[in-house]
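Student: Here it is: the structure, laid out below.
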Amino acid sequence: MTISLKDKYYNYDSVHQLALRIQAVDPTFAVDDFVRAVVDETWEDLALKARMHQISLKLGNYLPADYGKALGILDQVLTSYPAGYSNLFLMCLPDFVEVYGQAEEHWDLSMAALERYTPFSTSEFAVRPFIIQHELRMMEQMSIWAKHDNEHVRRLASEGCRPRLPWGQALVSFKKDPTPVLAILEQLKADPSLYVRKSVANNLNDISKDHPELVAKIAADWYGNNQHTDWIVKHGCRTLLKKSHRKVLSIFGFGDADCLTVEDFALAADSIIDGEDLIFSFQVKAKETTKLRLEYGVDFVKANGTRNRKIFQIAETTLKAGEKRAFTKKRSFAKINTRKHYPGTHSLTLIMNGVEQGTLDFEVLGTS
């Protein structure tokens, strides 16, 4: 049985261990009372972030009422962890800052705490209410963090201002106008840390969903000058590539598919039982040397009978003039938590350099 993330990181033992670490710093801390208050009758039904939030709320009840003194205790608790320690559980500490540290008189204390805490987990969620309430001031802080020596803090500068951060509050103003975000990404576009570069790319991909032409222009301006930046651009344009954006495809050398032909596109079977693999094959022939991006789309049947397409990449390669290459691919229809397969007529579409090359229907018959 697979254990959920909330049970893996936010459980009785992790809460109890935190309480003991706090007591080691502050002997007056009521360990048993705190644990009972956190792991109460609602605990089992709480989602991951709700459990995190419950911990931070109860910390406010059992730590000193003076915000600065409470942070001082939490700072000492963190020194009890080994160097380089990072754990999702410790997101409750930045959340404590979010809950209790937004008052004007706490600004400097809160900014310093978010910076200190992010290497131990991440402060990417906790910074967002500060951005929403004090956008200009907070983005100036993010710009300072973008120059920090620590990669975790530099990543926070990018990850914290993603317009569409998963699990995080949407930054509506940045979805409308990402200009303040772009100023941060510009500073980090050649960062030596892959950890940071992934965040920059994900941020750029977020922006592309609302401003595709803007990101296409940025990609054209950035690409070809630095290998780190090139990686960011490619990963950050993944949604636009899946949407067959012609300008973006051309940036990476994927031209028209006119000199390419597809032969023998076929399914191994016209129907499968839910849980089996869908296997298909085809050949591609090039009249002249061409850079090739191969994808396929599956139009999945939804619960209401409509269909929704998902795009999957097969390969990126180069075919020489006159070369013919065979491909065989399988798509798993195994049961997974993120997608339920419904019986009905699905379809498979082959896509080559952004151009559809043919569609085949198949039946999903349900479980065996």
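The values are calculated or read from the model by the stated rules, or taken from the named source; none is laboratory data. Only a predicted model underlies this, so the values are computations on that prediction, with no experimental measurement involved. Here the Cβ is made from the backbone with ideal geometry for all residues, glycine too, and neighbour counts use every protein chain on show. Just the protein is used for accessible areas: all its heavy atoms, side chains included, with ligands, DNA and RNA removed. Shrake-Rupley method; radii C 1.70, N 1.55, O 1.52, S 1.80 Å.
Student: Just need a number here: residues in the range 182-197 that are assigned to a helix (DSSP H, G or I) and open to solvent by less than 20 Å² (accessible area, probe 1.4 Å).
Tutor: Residues that pass the stated criteria total 4.
Student: Let me ask something else about it. Return the residues of the range 73-99 that are among the β-branched types (Val, Ile, Thr) and more than 13 Å from Ser110 (Cβ to Cβ); say none if nothing qualifies.
Tutor: Selection gives Ile73, Val77, Thr79.
Student: Among the candidates Asp299, Asp264, which residue alone is in the same structural domain as Leu350 (by the TED database), part of a strand (DSSP E or B), open to solvent by 30 Å² or more (accessible area, probe 1.4 Å) and modelled with pLDDT of 95 or more?
Tutor: When all the criteria are applied, what remains is Asp264.
Student: Which residues, counting only those in the range 155-208, are within 19 Å of Trp222 (Cβ to Cβ), polar (S, T, N, Q) and touching a residue at least 12 places away in the same chain (Cβ under 8 Å)?
Tutor: Those that are within 19 Å of Trp222 (Cβ to Cβ), polar (S, T, N, Q) and touching a residue at least 12 places away in the same chain (Cβ under 8 Å): Ser158, Gln187, Ser193, Ser199, Asn202, Asn203, Asn205, Ser208.
Student: I'd like to check something: does the range 55-67 contain any residue that is of a type in the set (S, T, N, Q) and either within 17 Å of Thr122 (Cα to Cα) or under 26 Å from the mean Cα position of the chain (by Cα) (or both)?
Tutor: Yes, some residue in the range 55-67 is of a type in the set (S, T, N, Q) and either within 17 Å of Thr122 (Cα to Cα) or under 26 Å from the mean Cα position of the chain (by Cα) (or both).
Student: Among the residues in the range 329-343, are any farther than 16 Å from Leu278 by Cα, part of a loop (DSSP other than H, G, I, E, B) and of a type outside the set (Val, Ile, Thr)?
Tutor: yes
Student: Then there's this: Please indicate, with yes or no, whether at least one residue in the range 122-130 is part of a helix (DSSP H, G or I), aliphatic (A, V, I, L, M), under 16 Å from Leu156 (Cβ atoms) and within 24 Å of the chain's Cα centre (by Cα).
Tutor: The answer is yes, given that some residue of the range 122-130 is part of a helix (DSSP H, G or I), aliphatic (A, V, I, L, M), under 16 Å from Leu156 (Cβ atoms) and within 24 Å of the chain's Cα centre (by Cα).
Student: I'm told Asp258 meets every condition in (1) among the acidic types (Asp, Glu); (2) closer than 30 Å to Leu214 by Cα; (3) touching a residue at least 12 places away in the same chain (Cβ under 8 Å) except one. Can you identify the failing condition by its number?
Tutor: (3)
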